[in-house]
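This report concerns only the one structure given below.
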Amino acid sequence: MSVSLDLTHPVARDKSRDVLRSPMAEMPSLIGLSRAEMSEALVAIGVPERQVKMRVAQLWHWLYVRGVSDFADMLNISREMRELLARHFNIARPEIVEEQISNDGTRKWLFRFPPRGAGRPVEIETVYIPEEGRGTLCISSQVGCTLTCSFCHTGTQKLVRNLTAEEILSQLLIARDRLGDFPDRNTPDGAIVPAEGRKVSNIVMMGMGEPLYNFDNVKKALLIASDGDGLSLSKRRITLSTSGVVPEIYRTGEEIGVMLAISLHAVNDDLRDMLVPINKKYPLKELLDACRAYPSLSNSKRITFEYVMLKGVNDSLEDAKELVRLLKGIPAKINLIPFNPWPGVNYQCSDWEQIEKFADYVNNAGYASPIRTPRGRDILAACGQLKSESERMKKTDRLAFEAAMIAGHGED
């Protein structure tokens, strides 16, 4: 698939490497700071305390409502103040190494971030899926992953480091840049986006990494994304997916308040231990007890259970019956995911007829169980195919050829 790059975007092109460049400067960034942290940062550079509240409100508006990435564009702030801010802070976007566009409109970006303890710059992938009435952005929380789920190629890359709140938010900001989702920005010609409303209406923490192993940064980023005076995404349009970090599940509901998705994939501990090894630490009973205790859970705020369909492994009618039994009493939706193969994997996708039988049983038991249509396969942007080439320095480089996206989460 050819790469589509909009060179009118306000970043410079490095012709020697044929990439879009906008490296994050070494100066501290204002992006990802809470209002209190931003206030402290302004006081530290000499902004009079009587002005701080006003300046924070101005910066918040420009960063998260207008989407500017250059202090010079903050036109209601004096030149002297803009110059002071530019001497001390950075609000630049990350480097876009590559942008790919699928035949179905799915977009995948490869972003490069500074080393920040990793020894060298790191790369992650972010995926956008346009659907009827919504546009969903799949955001990464870590470079690599510690979970080693046996069916997921993303898990074959070892963890390099956590992403900062700034880096998590930057994925959303640059997607809105590229899709024309900020005021006075144009949507690229031919782009497939929702016909009305926001181009990025929903976000899912389902990219690289386990979000609940980076709880503090994910929390800070999602609270800024849902702030009503800024990016203003409804918490019902934000979904956090976990493989089952039980102690942090309740905190997610209490402290963040977004929708929850669980990567389930098996209905007994023996199989889940193999497919999702974190189950050895937090087995099914503990996981489902935490789900039942999730704050504000109701029929209008259901937990989504992700279930990848593996031929001859977890797709029998008996598995469907046990799934219904396990989830009894939990307001839930079950997303059935046709397995997306990757090089060297031993699993196969369940036959379509078997997937439909499984779905029919779960539906008849009273649970919505949509079968997810694979998206972005031609650019390796389908579920379970996310991976970057960032590794620990002692490892050899790998080809970055995968990305993942889970669509259909959150309110329409």
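Structure values in brief
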{"quantity": "Area of residue 204 that stays accessible when all protein chains are in place (1.4 Å probe, Å², to 10)", "calculated": "0 Å²"}
{"quantity": "Ranked packing of 91-101, 312-322, most packed first, by mean Cβ within 10 Å", "calculated": "91-101, 312-322"}
{"quantity": "Amide H within-cut-off set for residue 260, under 5 Å, with H built and near neighbours excluded", "calculated": "240, 304"}
{"quantity": "Ratio Rg/Rh, restricted to region 95-141 and using Cα atoms, in which Rh is the Kirkwood radius", "calculated": "1.10"}
{"quantity": "Packing-based order for 31-39, 262-270, 48-56, 205-213, using average beta carbon neighbours within 10 Å, highest first", "calculated": "205-213, 262-270, 31-39, 48-56"}
{"quantity": "Against the rule of thumb 2.2 N^0.38 Å, how large the Cα Rg of region 204-246 comes out", "calculated": "1.17"}
{"quantity": "Sequence-distant residues sharing a close amide H with residue 97 (under 5 Å, placed H)", "calculated": "110, 111, 112"}
{"quantity": "Segment residue 311-residue 357, extension gain: residue separation times 0.36 nm, minus the distance between their alpha carbons", "calculated": "15.3 nm"}
{"quantity": "Within the accessible area of region 250-320 (1.4 Å probe), percent carbon and sulfur", "calculated": "48 percent"}
{"quantity": "Ratio Rg/Rh, restricted to region 25-69 and using Cα atoms, in which Rh is the Kirkwood radius", "calculated": "0.95"}
{"quantity": "Value of relative contact order over region 62-110, rounded to a whole percent, pairs C-alpha under 8 Å and six or more apart", "calculated": "25 percent"}
{"quantity": "Potential extension, residue 216-residue 120 segment - 0.36 nm per residue separation minus Cα distance", "calculated": "32.2 nm"}
{"quantity": "Order of exposure, largest accessible area first, which applies to 108, 280 with probe 1.4 Å", "calculated": "280, 108"}
{"quantity": "Distance (nanometres) between label positions extended 7 Å along Cα→Cβ at residue 65 and residue 227", "calculated": "1.2 nm"}
{"quantity": "Residues with amide H under 5 Å from that of residue 368, placed H, sequence gap 5 or more", "calculated": "334"}
{"quantity": "Where Rh is the Kirkwood radius over Cα pairs, Rg/Rh for region 192-342", "calculated": "0.98"}
{"quantity": "In Hz, Karplus ³J(HN,Hα) per residue of region 205-214 (6.51, -1.76, 1.60; θ = phi - 60°; x = Gly, Pro)", "calculated": "8, 9, x, 5, x, 9, x, 7, 8, 9"}
{"quantity": "Accessible-area composition of region 75-195, carbon plus sulfur, in percent [1.4 Å probe]", "calculated": "49 percent"}
{"quantity": "Rotationally averaged projected area of region 140-274 (alpha carbon convex hull; nm²)", "calculated": "9.7 nm²"}
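The values are calculated or read from the model by the stated rules, or taken from the named source; none is laboratory data. Everything numeric in this text was worked out from a predicted model, so none of it was measured. Heads up, the Cβs are rebuilt from the backbone with ideal geometry, glycines too, and the neighbour counts pull from every protein chain shown. Keep in mind that these areas ignore ligands, DNA and RNA; they rest on the heavy atoms of the full protein, side chains included. Shrake-Rupley method; radii C 1.70, N 1.55, O 1.52, S 1.80 Å.
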